[in-house]
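Visitor: Have a look at this one before I ask anything.
The values are calculated or read from the model by the stated rules, or taken from the named source; none is laboratory data. Remember, it's a predicted structure, so these values are computed and weren't measured experimentally. Cβ placement follows ideal geometry from the backbone for every residue including glycine, while neighbour counts extend to all protein chains displayed.
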């Protein structure tokens, strides 16, 4: 699925932040459920576990910013192997806003940040 997706249609939000009226479709993009948060509080529309990094990749990255570039490359390869899910995200983002929900503490170096780039990449 190719086409122009406005960057403002793909938002990022930690699972620990309150849902907002402008979030659009809220999609958890982590393989593991966020600790200490109830399903009601997260207010998800979709839990897309299979778009999350593999356990092997997640553990090797360890949320270490020094491994960020390698993580992004390896994660892009994994996501492209699962292109149907990426196409689904792109389709949703073309129709309106989506929010990629994640639980990582580092707001600059996590799978949702990398995934947003892949969604917007033509």
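Visitor: If the requirement is being within 14 Å of residue 112 (Cα to Cα), under 14 Å from the mean Cα position of the chain (by Cα), in contact (Cβ under 8 Å) with a residue 60 or more places away in the chain and assigned to a helix (DSSP H, G or I), which of these qualifies: 89, 12?
Guide: Within the list 89, 12, the selection yields 89.
Visitor: Follow-up. Report, by residue number, each residue of the stretch 87-108 that is in contact with a helix residue (DSSP H, G or I) (Cβ under 6 Å, 6 or more places away or on another chain) and surrounded by fewer than 19 Cβ atoms within 10 Å (Cβ to Cβ).
Guide: 97, the sole residue that qualifies.
Visitor: Taking only pairs six or more apart or across chains, which ones have beta-carbon atoms under 8 Å, a first residue in the stretch 107-122 that is on the phi > 0 side of the Ramachandran plot, and a second residue that is at pLDDT 95 or above?
Guide: Qualifying pairs under 8 Å: none.
Visitor: Next up: Tally time: how many residues in the stretch 71-86 are at pLDDT below 95, in a helix (DSSP H, G or I) and touching a helix residue (DSSP H, G or I) at 6+ places or on another chain (Cβ under 8 Å)?
Guide: 1
Visitor: Sort through 1, 48 and tell me the only one that's touching a helix residue (DSSP H, G or I) at 6+ places or on another chain (Cβ under 7 Å) and at pLDDT below 95.
Guide: Details: 48 fails: at pLDDT below 95.
Result: 1 is the single residue among 1, 48 that is touching a helix residue (DSSP H, G or I) at 6+ places or on another chain (Cβ under 7 Å) and at pLDDT below 95.
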